[in-house]
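Peer 1: Okay, handing you the structure first.
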Amino acid sequence: MWKLNIPPKVQIFPWLLIRKRLQVRARLHRFMPQISPACPFCQNHDETIHHLFMECCFAKDVWAFNFDGSLMNSQAST
Ligand SMILES: [Zn+2]
């Protein structure tokens with residue numbers, strides 16, 4: 001992975017994700033109270049790594065997206 005021709009910030013992203021070091025809002029809020037911990041996509045939960053990648057309605061839409069432009073769980077396939 002380190003030898004791939006991709007930008008360093010993209011190379012480091014999986015490492016930060018696995019180590020739970022991504023600077024999500026809930027983490028930043030601990031050190032900078034002026035930053036809201038709310039998820040900017042749904043505004044219903046704190047933006048944690050788990051919420052951002054697994055629980056958020058936005059994340060679920062991203063995971064359900066197929067590269068052909070359709071949604072995997074689309075009801076329109078009838
Ligand atoms: Zn959310």
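Peer 1: Give the residues of region 27-59 that are within 11 Å of the ligand (Cβ to nearest atom) and among the small types (G, A, S), sorted by residue number.
Peer 2: Of everything in region 27-59, those that are within 11 Å of the ligand (Cβ to nearest atom) and among the small types (G, A, S) turn out to be A38, A59.
Peer 1: A follow-up question, please. Suppose we keep only residues that are touching a residue at least 12 places away in the same chain (Cβ under 8 Å) and not in a loop (DSSP other than H, G, I, E, B) within region 30-52. Which one would you say is surrounded by the most Cβ atoms within 10 Å (Cβ to Cβ)?
Peer 2: By that ranking, first place goes to L52.
Peer 1: Among the residues of region 1-8, is there at least one that is of a type in the set (D, E, K, R) and either under 22 Å from A59 (Cβ atoms) or assigned to a strand (DSSP E or B) (or both)?
Peer 2: No - not one qualifying residue is present in region 1-8.
A short reminder: the numbers here are calculations on the coordinates, not readings from a lab. Given the structure is predicted, the values throughout are model-derived calculations rather than measurements. Neighbour counts run over all protein chains shown; Cβ positions are idealised from the backbone, glycine included.
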